[in-house]
Amino acid sequence: MMGERLGYAPGVFDLFHVGHLNILRRARGHCDRLIAGVCSDELVVRLKGRPPVVPLAERLQIVRSVRYVDETFVATVDDKIAIWKELGFDVIFKGDDWLGTDVWTMLETEFARVGVEIVYFPYTVHTSSTLLRDALRLLAQRDPSEPVAGQLAGPRP
């Protein structure tokens, strides 16, 4: 369709949470069609030094089911310019926790040369996949006989 504004929202989308939903919802409001770029498991290991908790196939299913997403793309490289050459998006979306970083300052210059807009959205500070992963780690280490905060204690054997 002529004049259609294509958006791209890259992410790992591990342990999908409201911050992910906020980015996708807000992104969809700035474009006619939205592609969510989901990092491959191998790319996550290269970027973060550990695999995602949720495997790629499941992350894709989750992200595809979000009504704001028109299409998903498996990102196997971190090179956003290479991905732009493949997809041809007009605008890319990122959390503002990346604003001012060396990588995204360089990308702002490179994308400006080719007419791609970068839109930063407020980072959802009260939740993140890292916080969720840390909470899961703590739960796994606790004594199973102790109730989790906010839960009623079950019957004692």
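The values are calculated or read from the model by the stated rules, or taken from the named source; none is laboratory data. What you see is a predicted model, and the numbers here were worked out from it, not measured in a lab. Note: accessible area is taken over every heavy atom of the protein model, side chains too, but ligands, DNA and RNA are not part of it. Shrake-Rupley method; radii C 1.70, N 1.55, O 1.52, S 1.80 Å.
Tabulated results
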| quantity | calculated |
| --- | --- |
| 5 angstrom amide H check on Val69, placed H, neighbours 5+ away | none |
| Residues of the stretch 21-93: accessible area per residue with a 1.4 Å probe, Å² | 51 Å² |
| Long-range HN-HN contacts of Tyr123 with modeled amide H, under 5 Å | Asp96, Asp97 |
| Built amide H within the under 5 Å cut-off of Cys39, gap 5+ | Gly11, Val12, Ala75 |
